[in-house]
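A short worksheet on the structure shown next.
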Amino acid sequence: MRHYLIINHIGAIRAEHDDFVIRFASAMNQLLLLKSTDGSDVEWSKEVKGNMYDMIVEGFQLLSKWTARIWEQCAWKFSRPCKDASPSFSDYEKVVRYNYSAEERKALVELVGYIKSVGSMMQRCDTLVADALWETIHAEVQDFVQNTLAIMLRTTFRKKKDLSRILSDMRTLSADWMANTNKSESELQSSQHGGEDSKANIFYPRAVAPTTAQVHCLQFLIYEVVSGGNLRRPGGLFGNSGSEIPVNDLKQLETFFYKLGFFLHILDYSATVATLTDLGFLWFREFYLESSRVIQFPIECSLPWMLVDCVLESPNSGLLESVLMPFDVYNDSAQQALVLLKQRFLYDEIEAEVDHCFDIFVTKLCEIIFTYYKSWAASELLDPSFLFASDNAEKYAVQPIRLNMLLKMTRVKLLGRMINLRSLITERINKAFRENIEFLFDRFECQDLCAIVELEKLLDVLKHSHELLSRDLSIDSFSLMLNEMQENISLVSFSSRLASQIWSELQTDFLPNFILCNTTQRFIRSSRTVPVQKPSVPSAKPSFYCGTQDLNSAHQSFARLHSGFFGIPHMFSIVRLLGSRSLPWLIRALLDHISNKITLLEPMITGLQESLPKSIGLLPFDGGVTGCVRLVKEHLNWETKSELKAEVLHGIKEIGSVLYWMGLLDIVLREKDSMDFMQTAPWLGLLPGGDGQIVTSQDGEHSPVVSLFKSTASAMVSYPGCPSPSSFHIMSKQAEAADLLYKANLNTGSVLEYALAFTSAALDKYCSKWSAAPKTGFIDITISRDFYRIYSGLQIGYLEESAQVPSNSHDRLGDSIAWGGCTIIYLLGQQLHFELFDFSYQILNIAEVEAVSVMQTHKNSQFAVQGWEALLEAMKKARRLNNHVFSMLKARCPLEEKTACAIKQSGAPIHRIKFDNTVSAFETLPQKGA
């Protein structure tokens, strides 16, 4: 058993292969050097060509030996089917499919690769070694017929006329007397008849091999000399028993006889190589088709495909370069079917199987290539600190695979056709990239907005894998594929698929269900969320994520860090993914959402205004905290309008969430603009000056980049040998255009300031209802129903609820309610009114006064407010948050001369202050309806 199985000999075969390939390459180099040298030494030439001949002979012997190994193993397997296979399996499956272990398949693939690679190497050098082989054979034949036979004629066969005649016929038949350099023409005439004074001859190196007829005639004549016509000679043809020929001469005749037989194979070089490397017998299974009574077996039972699949599924990446070798078995079997067996139906069966197998092969190979480059990219993008802290960082490393040769193959010969494998791989890889982008978008559409960081990370991995693969394949541009999958190819398309999905998530899930934590600058999902119906997250192969399971888990651990909130990292991801093309569309959609919300709130607030009493005065200090809270409840008779209150609160909360979202976006854009300025300023000759101004650093009229290109263009034009001076003028003009473009983009405005200006414009329509001027011209503190009164009542209501049930109202509204309410109050010019007449502010003032008076009387500061600690603490937090919001609004959207314009000279107040927003918001961003 050990003798027949290749796995037991593969080590020795591998050593033989490596040694032969090295020596064959060395012999070829010597032969090429000989051909490139003029007037080389005859002896050295003879030595080099003789060595080449020996290498060809050794190669034929190795190929014959290795092919015989495969024959022997196949015969062994066919004679001993698998005993552990199920009885339902066919006989062919028992002898092929289940009769080869994984190691045996690997050894067989390796041996097939050695046979085909050595055969291909020898076939490629056919024309290079032909002269050397012919010359060596010519020298062997001439040495024998002109020297060896001459000696025999003078000694052994001198008195044997019949045998001498045969030997003379051999010389006459094959001797090349024109190549003899030692004798004159008269001597040549005598030497042809074997004169006694003949000496050893020296021949011209002539690449003239004997014909096949000459070789067969020489073999026949040697047979006649040795056997004497006796076909049953004892001891065999060259046996010594009863022979009149001396042993030495008999040995020389025997050696030359067998050399002549091998000369035929050397002369028919290409056919010999094809015969020795013919492994078509591995496919034929007609006997088992007849015995199993089936038309054809599945391709899983085909031994050539089993070898291809073994290479593709094997973790040993070193075999991948030999993956195409088993396909040559199909070429051999097809050649046998057409030429040897002359059966067209066999060829049709082979062709059908090859078409199917090659399609599966290309698909699996592209999956391996895509997975490898994806894993490589994901491994390079891992955080070094994560790898340093990991206990087993080696599992995130990707073992290199030599795919360069496969990716460069443009001519794969299969059944007489030339297949461009590189083109097929490129086509499949382009499709894989598009499918991966489509899957990532589908996955994001099934998640909330917090998954935007994970989406960007996966797209970065995919983009980096595209960069790595682009070094070896000419695949489509990644930006082109990304825009194509986003349906953002058209020049007038500004709403990409990703931007539409982000806007949809903002509308349906983020704004209604996320609450703001002002301290951490993050939005988190409320515990009282409205369930949103979404499709289940699609699953895919690991290659569509990061390549391998280990790399997927590593990158998912990073994604989980950002999955529970929305903050600055998510905003950076949105800005980078949408870019300057789709981001303005999203901003406009959010601003329209604010306008629509204000429109929807107007009738609701009117309903709350109508429920307020006609007279609401200041809260009395003598009533204490308890009395003031009771009095506020009596004033705010909104018990029947609880649903209306909730809708108003949620509307204001959504407005605040949008404005804070714009604030986060403004922070990210400002950082991006600063980075862009740092990169472009040296080329534009700009420096940051005082008060945020930009100062020009150069004294001339042109920036450094324009000056550089202009000076280069003038220098090249003045050079007489300049091939195309117009191209340098074009470059200088392009530099001027780039200078104007980048300088125009430096003075960008603030998104937040524009959002506040837009909100102010939207509030102007309802200014008369929400901020009505008093009839007397003075502030009316008793009958005012302005917006700040409504918000003040709503604020104390949800503060009281949050004090009674901890984390109840705050979990529904968060800090966004303060941003929305305070922004509307500020833009309506009611900040001072709110700070004076807010119910919670008045209660806090009363609590402070009452605490001081009680402390002076009872020496106990907690006596007066006992039972209201939670409410007072909530009011203090709300006041601090409101003050923070107002201070931010004053800094980003200041009201013009608000102190001087607040009161007229006569003492009458100006209720509504008209102001202009900051200049940057109106100069850089379009107005609605513009």
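Of the residues PRO569, SER724, VAL530, the one whose Cα sits farthest towards the positive end of the charge dipole of the chain is VAL530 (charges of +1 on Lys and Arg Cβ, -1 on Asp and Glu Cβ, taken about the Cα centre). Near LEU218, once Lys and Arg are set to +1 and Asp and Glu to -1 for all other residues with Cβ below 14 Å from its Cβ, the sum equals -4. Counting only Cα atoms, the size of segment 20-134 along its three principal axes is 73, 19, 19 Å, in decreasing order. Using a simple spin-label model with pseudo-atoms 7 Å out from Cα toward Cβ, ASP764 and SER470 lie 4.8 nm apart. Within the straight-line cut-off of under 20 Å between alpha carbons, the aspartates and glutamates reachable from LYS733 are GLU701, sequence neighbours fewer than 8 places apart in one chain being disregarded.
Got a sec? Charge dipole of the chain, +1 on Cβ for Lys and Arg, -1 for Asp and Glu; which of HIS702, THR520, LEU669 is way out at the positive end? Value computed over the given set: THR520.
Annotation: lysines with alpha-carbon distance below 19 angstrom to LYS35 (same-chain offsets under eight excluded): LYS46, LYS49. Spin-label model, TYR719 to SER390: label points 7 Å out along the Cα-to-beta-carbon direction sit 5.1 nm apart. Protection proxy ranking of 346-359, 600-613, 394-407, by the mean of other Cβ atoms within 10 Å over each peptide's residues and highest first, is 346-359, 600-613, 394-407. When only the Cβ of Lys, Arg, Asp and Glu is charged (+1, +1, -1, -1), the dipole of the chain relative to its Cα centre reaches about 720 debye. Note on segment 687-745: with charges restricted to the Cβ of Lys and Arg (+1) and Asp and Glu (-1), its dipole about the Cα centre is near 240 debye.
With Cα atoms defining each centre, segment 244-276 and segment 488-527 are spaced 85 Å apart in the structure.
Helix 704-718 axis versus longest C-alpha principal axis of the chain: approximately 40°, rounded to the nearest ten. Sorting the segments 89-100, 614-625 by their mean number of nearby beta carbons within 10 angstrom, highest to lowest, gives 89-100, 614-625.
The angle separating the long axis of helix 452-469 from the principal Cα axis of greatest extent in the chain is about 30 degrees.
Straight-line reach from LYS633: taking Cα to Cα under 17 Å and skipping same-chain neighbours fewer than 8 places apart, the lysines in range are LYS614, LYS641, LYS645. Charge dipole (Cα centre; +1 on Lys/Arg Cβ, -1 on Asp/Glu Cβ; no other charges) of segment 338-490 amounts to roughly 1020 debye. Listed cross-link partners LYS463/LYS597; LYS94/LYS413; LYS94/LYS408; LYS431/LYS743; LYS65/LYS106 are compared with a 29 Å cut-off, the Cα-Cα value being larger for LYS463/LYS597; LYS94/LYS413; LYS94/LYS408; LYS431/LYS743. In the chain, the portion of solvent-accessible area held by carbon and sulfur atoms comes to 56 percent [1.4 Å probe, whole percent, DNA, RNA and ligands not counted]. Annotation: peptides 325-331, 142-148, ranked by per-residue average of other Cβ atoms within 10 Å with the highest first, follow the order 325-331, 142-148.
Could you tally the net charge around ALA102, taking each other residue with its Cβ under 12 Å from the Cβ of ALA102, Lys/Arg +1 and Asp/Glu -1? After counting each charged neighbour, the total is -2. Considering the options PHE24, PHE327, TYR788, tell which one lies farthest towards the positive end of the dipole of the chain, charges being +1 on Lys and Arg and -1 on Asp and Glu at the Cβ, about the Cα centre. Sorting the options by dipole projection puts first TYR788.
At 7 Å along Cα-to-Cβ for each site, give me the label-to-label distance between VAL57 and LEU340 in nm. For VAL57 paired with LEU340, the spin-label model returns 2.7 nm. ASN8 label point, 7 Å along Cα→Cβ, cut-off 16 Å on backbone N: hits in segment 73-92? Those under the cut-off are 73-80.
The values are calculated or read from the model by the stated rules, or taken from the named source; none is laboratory data. Values in this document were obtained by computation on a predicted structure and should not be read as measured data. Glycine also receives a Cβ, built like all others from the backbone with ideal geometry; neighbour counts cover every protein chain displayed. Keep in mind that these areas ignore ligands, DNA and RNA; they rest on the heavy atoms of the full protein, side chains included. Shrake-Rupley method; radii C 1.70, N 1.55, O 1.52, S 1.80 Å.
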